[in-house]
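Enquirer: Please read through the structure below; I'll follow up with questions.
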Amino acid sequence: MSQKPKSFIEVDSENHFPIQNLPYGVFRTVKNPKPRVGVAIGDFVLDLSEVERRRMLSGCDLPQSPVFDKSALNTFMKLGRPVWRKVRRRLQELLSAENPELRDSDGLKTECLIPMAETVMLLPVEIGDYTDFYSSKEHATNVGIMFRGKDNALMPNWLHLPVAYHGRAGSVVVSGTDIRRPKGQTRPDDSRPPRFGPSRLMDFELELGFFIGPGSEPGEPVPVDRADEHIFGMVLVNDWSARDIQKWEYQPLGPFLAKNFATSISPWIVTLEALEPFRVPAVAQDPEPMPYLSRPDDWTYDIQLQVSMQGANMVREKIICRSNFRYLYWTINQQLAHHTVSGCNMRTGDMLASGTISGPTEDSYGSLLELTWRGSKPIQLAEGEERKFIADYDRITMRGWCEGDGYRVGFGEVTGKILPAE
Ligand code: CA
């Protein structure tokens, strides 16, 4: 039996960032405010701009000019999987308990390893375009029942193609950013005229998103069986949603102001290499998808997800949802193949999110809309507080991880607090 890889940095079994993970992020410190790329290892960040500057990554086929002394990961993401694999292997070697290079050099450790508590995490990618899918059958069915009734829950196209809309990249923010409650038009009473004001039905959406590494050319669709070559890694996504604005505006062209004010993402990008051991067969699809969406060996990932909520008067957060990425009907490969089949090109740094990830049980629904069934079943939080939707100063935190044998490959968290409207 092969020995489990182990780092000289102590990482306990519930920590999201063992040597098996090594997710990429962009950070700065008070001492050095320049944004740069790092990987998370336990409670530390390995400063890759330092590692690269000291020529410790030679042999990884990196270009001459710096790749990690950058304020975004795009330069590295563009290089593609063979280079990503080499860098990953080299970083695992550098951090290994067996390797004295870094382990036995206090000087190098001081320069290259920074306690996570001293870092400020920034948006990891310069995001070009952001697309949001709608790939959970359970979520689409629940929302469909609420808005159109049981008989018309799923639209006729839903089982044939991964439905999506083009979102707003400029308002994607990193975890920890407070979100101002949006204002807009709503029409709470269909017999009266619409009105203007702060959204009263603020919601979250539990999602995962993936980033495009190497892009694709206009007019050249990405085949479903080569889609993963273009995918760098994944983050947690909270697609904040104003349900009352959404209800009034969404027909005929889909969501607009209900979604465009903010989308939060976790700061660490977990690579597909790190997720590989957690592949599971994709959900069986009926009807059979069209050939351009069909990949017999298609897979998804077993990623446990949870959402917690904490009101201003609550001492601690309360978990209100437990779901799993594997519940999704459409896979990331199918999403990318469908997105480009029209000839739409992809660019490095584009972000494609999954859509709300709801499971089959009532405690696995990935939005308050579903958890409270449109406000008809308020959820009980601690200290006698209940919610139908998000109140001012409520904090929403999402976490996700893959459970290995005695270790976790995790995403950390994405958190955000709703502030009152201006
Ligand atoms: Ca969404």
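The values are calculated or read from the model by the stated rules, or taken from the named source; none is laboratory data. Since this is a predicted model, take the numbers as computed values, not measurements. Virtual Cβ from ideal backbone geometry, glycine too; neighbours counted across all protein chains shown. Keep in mind that these areas ignore ligands, DNA and RNA; they rest on the heavy atoms of the full protein, side chains included. Shrake-Rupley method; radii C 1.70, N 1.55, O 1.52, S 1.80 Å.
Enquirer: Under a 1.4 Å probe, what is the accessible area of segment 24-122 per residue, stated in Å²?
Expert: It amounts to 49 Å² per residue over segment 24-122.
Enquirer: Under the Karplus relation 6.51 cos²θ - 1.76 cosθ + 1.60, θ = phi - 60°, what is the ordered set of whole-Hz ³J(HN,Hα) values for segment 272-283, x standing for Gly and Pro?
Expert: Per residue, the Karplus-derived 3J(HN,Hα) values read 5, 4, 5, 7, 3, x, 10, 5, 9, x, 5, 4 Hz.
Enquirer: A further question follows. Treating the angle as unsigned and between 0 and 90°, give the value, to the nearest 10°, between the Cα long axis of helix 137-148 and the longest Cα principal axis of the chain.
Expert: Value to nearest ten degrees: 20.
Enquirer: If eta is 1.567 mPa s and T is 4 °C, what Stokes-Einstein diffusion coefficient results for segment 1-155, Kirkwood Rh from Cα pairs, in µm²/s?
Expert: D, rounded to a whole number, is 73 µm²/s.
Enquirer: If the chain between ARG180 and GLU403 were fully stretched, how many nm would it gain, using 0.36 nm times the residue separation less the Cα-Cα distance?
Expert: Value of the extension gain: 76.8 nm.
Enquirer: May I pose another question? May I ask for the distance between the Cα centers of segment 160-195 and segment 22-89, given as a whole number of Å?
Expert: Here the two parts' Cα centres lie 35 Å apart.
Enquirer: For a quick check: with amide H placed at 1.01 Å from N, whose amide H comes under 5 Å from ALA97's, ignoring anything fewer than 5 positions away on the same chain?
Expert: The list, which skips near neighbours in sequence, is LYS6, SER7, PHE8.
Enquirer: Remind me, relative contact order of the chain in percent, using alpha carbon pairs under 8 angstrom and six or more residues apart?
Expert: 21 percent.
Enquirer: Here is a further query. Put a dot 7 Å past each Cα toward the Cβ at ASP151 and ALA312; how far apart are the dots in nm?
Expert: 4.7 nm
Enquirer: For segment 234-249, take each phi angle, set θ = phi - 60°, evaluate the Karplus expression 6.51 cos²θ - 1.76 cosθ + 1.60, and give the result in whole Hz per residue in order, putting x for glycine and proline.
Expert: Result, rounded to whole Hz: 10, 9, 6, 10, 10, 8, 3, 9, 9, 5, 6, 5, 4, 4, 7, 9.
Enquirer: Rounded to the nearest 10 Å², what accessible area does ARG374 have for a 1.4 Å probe in the complete protein model?
Expert: 100 Å²
Enquirer: Can you tell me, using C-alpha contacts under 8 Å and at least 6 residues apart, the relative contact order of segment 24-122 as a whole percent?
Expert: This gives 37 percent for segment 24-122.
Enquirer: Related question: Give the accessible surface of segment 266-348 per residue, rounded to a whole number of Å², with probe radius 1.4 Å and ligands, DNA and RNA excluded.
Expert: Here the per-residue accessible area is 42 Å².
Enquirer: Still on this structure: Assuming 0.36 nm per residue, please report the length gained on full extension of the stretch ASP12 to LEU159 beyond their Cα-Cα distance.
Expert: Result: 48.7 nm gained on full extension.
Enquirer: Here's something else I'd like to know. Nearest 10 degrees, 0 to 90: what angle lies between the long axis of helix 81-95 and the longest principal axis of the chain (Cα atoms)?
Expert: It works out to around 60 degrees.
Enquirer: Still on this structure: Counting only heavy atoms of the protein chains, get the accessible area per residue of segment 142-222 (1.4 Å probe) and round it to a whole Å² value.
Expert: 52 Å²
Enquirer: A further question on this structure: Near the amide H of GLY404, under 5 Å away, which other amide H atoms are found, from residues 5 or more places off or on another chain, if H is placed in the peptide plane?
Expert: Amide H neighbours of GLY404: VAL409.
Enquirer: While we're looking at this one, here's another question. For ARG279, project a label point 7 Å along Cα to C-beta. Then give me every residue of segment 216-258 with its amide nitrogen under 19 Å of that point.
Expert: Only 223-235 pass the distance filter.
Enquirer: Enumerate by residue number the GluC sites (Glu not before Pro) in segment 303-404 meeting two conditions: DSSP loop (anything except H, G, I, E, B), and at most 12 other Cβ atoms within 10 Å of the site's Cβ.
Expert: Those that pass, being in a loop and sparsely packed, are GLU383.
Enquirer: In 10 Å bins starting at 0, how do the alpha-carbon pair distances of the chain split up by percent?
Expert: 4, 22, 31, 25, 13, 4, 1, 0
Enquirer: Let me ask you something else. Expressed as a whole percentage, what fraction of the accessible surface of the chain belongs to carbon and sulfur atoms when a 1.4 Å probe is rolled over the protein heavy atoms?
Expert: On the chain, the fraction of accessible area on carbon and sulfur atoms equals 50 percent.
Enquirer: Something else about it: Nearest 500 deg cm²/dmol is fine: what mean residue ellipticity at 222 nm does the chain get from its DSSP H runs of n ≥ 4 alone, each adding -39,500 (n - 2.57), divided by its residue count?
Expert: Mean residue ellipticity at 222 nm (helix-derived): -4500 deg cm²/dmol.
Enquirer: Plugging the Kirkwood radius over Cα pairs into Stokes-Einstein for segment 153-221, at a temperature of 10 °C and a viscosity of 1.306 mPa s, what D comes out in µm²/s?
Expert: After rounding, the answer is 93 µm²/s.
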